[in-house]
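Data block below; observations after.
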Amino acid sequence: QKELGTLNAKLNIYSAEIVVLNTDIYILNAENANQAEIIDEETKALHKAYYVIGTSQDLEKEKVVEKKGGVLGMGKTPELSNNFNESKFTQIDFTETVTIPVGSKSIQIITCHPTNSYRLEKEKGMVKSITITNSEEFWKASKYLVIVKK
């Protein structure tokens with residue numbers, strides 16, 4: 001009887017420890033899920049990139065680009081505006097988007113992107129799209145891509 005009482009006491013202690021351990025597991029799982037969500041959100045933020053396509057006049061009117069340089073109003077080239085209108089850009093995840101449709105006779109890329117990190121897909125004398133061949137390299141200098149249709 002005494003031994004049975006001792007064993008029951010130990011069993012109660014072990015049961016209480018199991019409850020504590022199960023609670024700890026629940027808390028750790030919740031923290032793990034929270035951390036995974038934070039990591040996912042931060043990863044998405046790191047992979048955000050933006051692009052806009054339009055004529056020089058349209059992009060200038062939308063306050064995305066401004067023309068600089070030149071002499072007496074001649075020879076000015078479009079550049080990304082210092083206070084550009086971000087709402088005119090299309091947001092993408094650069095790890096998932098590798099093709100950007102263009103559909104223009106010719107284009108000029110205003111922002112800085114290494115020429116060896118993309119190629120122009122041409123069809124029937126038109127630039128059909130831009131294929132990004134090295135995303136990390138392409139988006140390293142700028143998370144913004146401005147394409148002027150000509």
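The values are calculated or read from the model by the stated rules, or taken from the named source; none is laboratory data. Note that the structure is predicted; figures quoted are calculated from it, not measured. Cβ atoms come from the backbone with ideal geometry, glycine included; neighbour counts cover every protein chain shown. Keep in mind that these areas ignore ligands, DNA and RNA; they rest on the heavy atoms of the full protein, side chains included. Shrake-Rupley method; radii C 1.70, N 1.55, O 1.52, S 1.80 Å.
Under a Gaussian network description of the chain, with springs only between Cα atoms under 10 Å, the residue in I132, I25, I92 that fluctuates furthest is I25.
Taking I27, I18, I100 in turn, the Gaussian network model of the chain (Cα-Cα springs below 10 Å) assigns the largest fluctuation to I18.
Run the numbers for A9 and N82: contour at 0.36 nm per residue of separation, minus the present Cα-Cα distance, in nm. The partial results should precede the final answer.
On the way: separation 73, 0.36 × 73 = 26.28 nm, distance 7.42 nm.
That pair, A9 and N82, stretches by 18.9 nm at full extension.
Compute the orientation-averaged projected area for the chain from the convex hull of its Cα atoms and round it to one decimal in nm². Intermediate values should be presented prior to the final figure.
Working: hull surface 58.5 nm².
Over all viewing directions, the chain projects a mean Cα-hull area of 14.6 nm².
At a Förster distance of 41 Å, what's the computed FRET efficiency of T23 paired with S142, Cβ-Cβ distance as r, to 0.05? Please list the in-between numbers first.
Details: r = 49 Å, r/R0 = 1.19.
Working from the Cβ atoms, E equals 0.25.
Selection among Q35, S129, A45 by position relative to the dipole of segment 32-150 gives S129 as farthest towards the positive end (Cβ unit charges, Cα centre). In this rough spin-label picture, where each label sits 7 Å from Cα along the Cβ direction, the N116-K61 distance is 4.0 nm.
The charge dipole of segment 1-101, taken about its Cα centre with unit charges on the Cβ atoms of Lys, Arg (+1), Asp and Glu (-1) only, comes to about 360 debye.
So if R0 is 22 Å, what FRET efficiency would K105 and K68 give, r being the distance between their Cβ atoms, rounded to the nearest 0.05? Walk me through the intermediate numbers first.
Values: r = 24 Å, r/R0 = 1.10.
That pair, K105 with K68, gives E of 0.35.
Remark: spin-label model distance A16-E41 equals 3.9 nm, labels positioned 7 Å along the Cα→Cβ axis.
For the chain, the relative contact order is 24 percent, taking Cα pairs closer than 8 Å that sit 6 or more residues apart in sequence and dividing their mean separation by the residue count.
Computed with a 1.4 Å probe over protein heavy atoms only, the accessible surface of the chain comes to 70 Å² per residue. Per DSSP H run of at least 4 residues, take -39500 (n - 2.57); add these up for the chain, divide by its residues and hand me the 222 nm value, nearest 500 deg cm²/dmol. So the helix-based figure for the chain works out to -12500 deg cm²/dmol. Within the listed set T23, T55, T77, the residue fluctuating most in the Gaussian network model of the chain (springs between alpha-carbon atoms under 10 angstrom) is T23.
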